[in-house]
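Have a look at the structure below before the remarks.
The values are calculated or read from the model by the stated rules, or taken from the named source; none is laboratory data. This structure is a prediction, so every number in the text was calculated from the model and none was measured. Positions of Cβ are backbone-derived with ideal geometry, glycine not excepted, and every protein chain shown enters the neighbour counts. Note: areas computed on protein heavy atoms with side chains; ligands, DNA, RNA excluded. Shrake-Rupley method; radii C 1.70, N 1.55, O 1.52, S 1.80 Å.
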Amino acid sequence: MTDMRVDVNTHLWAGSGVPRFIRDYSSGRGGGSSVESGTERLLASMDRSGIDKAIAVALVPSPDLDDQEVSAINSYVASQVALAPDRLVRFCAVNPRSERATEILRSEVEDSGAQGLKIHGAMQEIDVDDRRLWPIYEFMEAHRLPILFHSGDIGVLPCTDTYTRATRFDEIACDFPELPMVLGHAGRIDFSTVAGLLRKHSNVYADISSVIGRDPGSRTWPLKNLLEVVKPWAGSTEHVLFGSDFPLYSVSETISVVDQLSGEIAAGASGPTPLTPQDVIAVRDENARRFLAKYCLI
């Protein structure tokens with residue numbers, strides 16, 4: 001277990017359920033982006049990059065889906081994870097506006113074996129600090145199970161960023177100090193706020209999925225900027241986890257950015273920096289494994 005590599009942010013979805021705006025984003029992005037998912041493709045991508053285990057999330061891409069439609073998404077992810085239970089950890093989803101949200105969440109966790117929850121405030125069009133979510137947070141905290149949040153900007157039209165601003169997560173972490181919170185995409189692009197959250201809250205983590213520069217000449221800069229602000233303020237990079245956002249971002253591309261940055265630091269090509277190559281390598285190899293072990297997900 002000590003040499004296990006983990007990806008904390010991957011998606012499993014049925015191709016017919018991928019909306020047009022996600023397809024448009026993927027086709028315009030390049031860089032190995034795809035909407036083709038499923039356990040077989042995910043495992044192949046993990047194997048190519050030396051990833052041993054991954055969190056596979058259920059994504060609700062619209063505020064308009066009812067409980068039955070969300071249940072169908074959860075059932076699909078559960079069926080796919082069941083094909084590789086030794087490699088994949090299942091996170092479910094709920095409709096946060098439903099009067100039955102907590103009841104459904106309880107069934108997913110206690111009856112169906114979900115080990116975490118995904119909330120995408122931007123796509124579900126609900127502020128992550130909306131008080132309607134408090135019973136959900138209470139349930140997850142009581143079970144000490146993680147929530148993976150979309151955080152920061154989304155960069156996908158027509159979704160708006162306001163629901164998931166990094167500043168919205170402080171109140172949640174204050175009210176639920178035992179709730180494991182993972183900020184997907186590390187609050188991109190507000191890394192300074194995320195550094196403050198990691199400094200203040202021991203239950204808050206951030207993953208590096210999609211923290212990749214679009215300009216090929218500076219593709220490591222966003223990750224470098226994130227880690228350089230986190231380490232001085234939070235004291236370490238231990239709460240920064242590896243995540244890829246598969247299949248919209250490829251696992252291999254994310255690994256290559258981490259490897260490139262560690263190489264640049266080792267060679268002194270990054271200029272003065274508080275980072276060591278090991279700070280970066282730990283994001284790839286160690287931090288996510290420790291997170292899964294701490295919350296009994298492995």
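Things worth noting here:
- Taking 0.36 nm per residue of separation and subtracting the Cα-Cα distance, full extension of the segment from S75 to R144 would add 22.6 nm.
- Segment 80-151 - Kirkwood radius from inverse mean 1/r over Cα pairs (Å): 12.7
- With Cα atoms, 0 to 90° folded angle of helix 39-49 axis to the chain main axis: 10
- Ratio Rg/Rh [Cα only; Rh per Kirkwood] for segment 1-58: 1.02
- Across all directions, the shadow cast by the convex hull of segment 101-189 built on its C-alpha atoms averages 5.5 square nanometres.
- With a cut-off of 17 Å on the backbone N, the residues of segment 59-85 near the modelled label site 7 Å out from T162 along Cα-Cβ are 63.
- Inter-probe distance in nm under a simple model that places probes 7 Å from Cα toward Cβ, at D111 and D47: 3.6
- With a cut-off of 14 Å on the backbone N, the residues of segment 231-245 near the modelled label site 7 Å out from R199 along Cα-Cβ are 231-237.
- Accessible surface of segment 160-298, 1.4 Å probe, proportion on carbon and sulfur as whole %: 52
- Label point distance in nm, T273-R131, each placed 7 Å from Cα along Cα→Cβ: 4.5
- Sum of -39500 (n - 2.57) over DSSP H runs of 4+, divided by residues of the chain (222 nm, nearest 500): -11500 deg cm²/dmol
- Calculated from backbone phi, Karplus (6.51, -1.76, 1.60) coupling profile of segment 221-232 in Hz, x at Gly/Pro: 4, x, 5, 4, 4, 4, 5, 6, 8, 6, 4, x
- Summary of packing: across the peptides 34-40, 178-184, 253-259, the per-residue average of other C-beta atoms within 10 Å ranks them, highest first, as 178-184, 253-259, 34-40.
- Compactness of segment 173-298, expressed as Rg and Dmax over alpha-carbon positions, Å: 13.9, 44
- Extension gain, E40-W233: 0.36 nm per intervening residue step, less the Cα-Cα distance, totals 65.5 nm.
- By the equivalent-ellipsoid construction on the alpha carbon gyration tensor, segment 227-280 comes out with semi-axes of 21, 15, 7 Å, ordered largest to smallest.
- Degrees, to the nearest 10: 20-29 long Cα axis against longest axis of the chain: 10
- Hydrodynamic radius of the chain per Kirkwood, over alpha carbon pairs, in Å: 18.9
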